[in-house]
Amino acid sequence: MKKLISLLLVIVLLAGIAVFPVSASAAPTFSDVPADFWAYDAIEEMAEKGIVSGMGNGKFEPNGSVTTAQFATMLVGAFFPEELCGDTRTYPAWYGKTMHIALEEGLLATLPARYTCTITESGETWDPVYVNNRMTRKEMAVMLTNFLKNHLDFGKYGFQKTDFLDGPYDLPDYRYCIEYYPANYPDAISFVYDLGIITGVDDAGTFSGDGLMTRAQACLVLKRTMDLIGLYGGNAEDNREYHIYEFLDWNEKNDHAVSPDIRLTNGETITPEHVRELIDSLREKYPEGMPSADENYEYGENKDGIYLGYTGCAALVNYMRDDIFGDNRNYVVGYYDHAYDPAYLGEYAYQLIRPGDHIRINETHSVLVLDKTDSYITVVEGNYNGKVHWGRKISKSALLNSEIGVFSCYPYLPVK
């Protein structure tokens, strides 16, 4: 058990979020955060506690984006100062120490940074794309939920398991979250929203999970989290052996469970670049012109006692996805342009497409994505005149004028 203490005795120089000892009587004042600024109190408090500092020239840049590494640094600085002080190792990147502690404390579970991190006996190698990404509201919800479910025992303070099981259905976009985010995202959104840690962006209460978080918002969210912990005992506890809320460990019990340690079949981390390389290596196994009609190419699997059979184009896609993600792949996120809002989702689905994704077009043809540009995708497909074909380009406009379903084996959504 750890007392909620500030970092008054810790000096950690970190890019964008440098931590300095600050006395209560000399709290820093930023020229771009006047006293009437909506997040003034939160920013001043975080600066006074030594959790954040300015960006130079006396400015805080409250509307600047906050990254995964930066917010992890804020959480670690606020709640794990003993670990931060006790870790005397040298790390090559400014975020190495705080990301290591965040990893050890379970803060990064199911987030892109976790799946793209290579872990060896000598330490972690973080993919800078996924630690320096601009953090979305849904990703911050997940990181906060990871912290609270692992380190705060709400059960001691009168909460029941069912208190947070029902989603905030008054959110205008909660149905959207349920249909188009991996399961852990709507669960986390429900959790932080019900606790009042991250609220809606407008009077209607829209959560806007894809929206980016700012430095000012991060300070406010962190203050609310600290206040919540102070309200319910003032202690951050190691609660990882006992999850109070059943919905929070849903992914650990459900058929769609996904381990944070999963990797591609060649052992590489799950990034679009590594997936693309692995697809290219399959050209010899599935050569151009190989027979691939319905009558000579079949793929079958059992799911929940139901046999699912695929032939031709769909069979090729499933075999190739087994070769890329493993034949025990059990985490598939699907986006249907006809399920929620066809006019919007078509564009949204196109933005989500990555190498290795399965696209079903007009419920008649399946293709596997090799690459994507702003104007077209390049695919490999079976049953193209009865054969395997590599390299056909399908324009974005052609896709958006069709009914498309995008099915992904990536355990996370694309980063901003």
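The values are calculated or read from the model by the stated rules, or taken from the named source; none is laboratory data. Note that the coordinates shown come from a computational prediction; the quantities given were computed from them, not determined experimentally. A quick note on method: Cβ atoms are made from the backbone with ideal geometry, for glycine too, and the neighbour counts reach across all protein chains shown. We work out accessible area using only protein heavy atoms, side chains counted, and drop any ligands, DNA or RNA first. Shrake-Rupley method; radii C 1.70, N 1.55, O 1.52, S 1.80 Å.
General observations
- Looking at region 38-149, the accessible area is 35 square angstrom per residue; that uses a 1.4 Å probe and ignores ligands, DNA and RNA.
- Whole-Å distance, taken between Cα centres, linking region 351-385 and region 31-84: 43
- Under 12 Å, Cβ to Cβ, from residue 297 - net charge with Lys/Arg +1 and Asp/Glu -1: -3
- Between residue 374 and residue 90, the distance separating the two model label sites (each 7 Å from Cα on the Cα→Cβ line) works out to 4.3 nm.
- Most tightly packed first, judged by the mean number of other beta-carbon atoms within 10 Å of their residues, the peptides 263-274, 207-218 read 207-218, 263-274.
- Amide H contacts for residue 134 (H built 1.01 Å from N in the peptide plane; partners 5 or more residues away or on another chain; cut-off under 5 Å): 416.
- Of the peptides 123-136, 188-201, the ranking by mean beta-carbon count within 10 Å, highest at the top, reads 188-201, 123-136.
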